[in-house]
């Protein structure tokens, strides 16, 4: 029991300490801030009407002209004018208008610089110093050749990396385009294959249909022949018994059926021949004409006139003369009645 009580007491002490410590720290901080405020008030940094307001002290203006001139004299170096190129120009254009106008002030600066440059150039010419660079001037570079070689190598590496990236990008685009083309080609090939397969199926169907039809026609022909043979056999029997007219009618019917069968076979077998003949005939007619010229075929000419002219006849005598038909009629001999 005593141990349990001690444990409970220890837990309560810890809780109390945890609550008291923050309060003590806050009190210490407030006491420090109060102490700082008291010190500032004693030094006169705080105003009596507004507490907690720190007044900043103004820095005095420092302008030690004599000391600055002394420092300038110490820092000054007695060098020749060619090393410094210092030029003094009088400020005759300064006035109140220039001080308030920015554009006028810029113009004055430009004029001062121009005047100073003219003075410096005239002095340099008097001293014999060359101002302008000759045409064949060769100036050494500030950077060494090794450094420039490194720069060139780096630039070449950058250019090579750019070319590699461009080639990779081009290859990717070509792959994408090839995939699109392949997809379209696959679609077109599938469509063409379907059409070809459909045409093959339809052609097979038509061939099968034609064969079935021919087979059906052959069966019909065979059945007709068998029926005709039976009828012919019966007719022969009747003819033997004396019925001749019936036999003649049966024979005529058989001939007619044979003619129809031959016509059907010719029509079925000769379709392609007729088509080929038709095309051949058209080609020959186009090339050679329709059996010669039909126009003016019955008109008389020199050859036909000489063929019918006998020796001593009027046509032979009139050969080479051009007369009308009335002259020939007038000179012709009268017929004997």
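The values are calculated or read from the model by the stated rules, or taken from the named source; none is laboratory data. Source: prediction; values computed, not measured. All Cβ positions, even for glycine, are placed from backbone atoms using ideal geometry, and neighbour counts span all protein chains on display.
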Restricting attention to segment 72-109, the residues that are free of Cβ contacts under 8 Å to residues at least 24 places away in the same chain, assigned to a helix (DSSP H, G or I), surrounded by fewer than 11 Cβ atoms within 10 Å (Cβ to Cβ) and over 60 Å from the mean Cα position of the chain (by Cα) number exactly 10
Looking at (1) at pLDDT 90 or above; (2) under 30 Å from residue 87 (Cβ atoms); (3) surrounded by 10 or more Cβ atoms within 10 Å (Cβ to Cβ), which is the only condition residue 126 fails?
(3)
Report whether or not residue 68 is under 30 Å from residue 129 (Cα atoms), modelled with pLDDT of 85 or more and part of a helix (DSSP H, G or I).
no
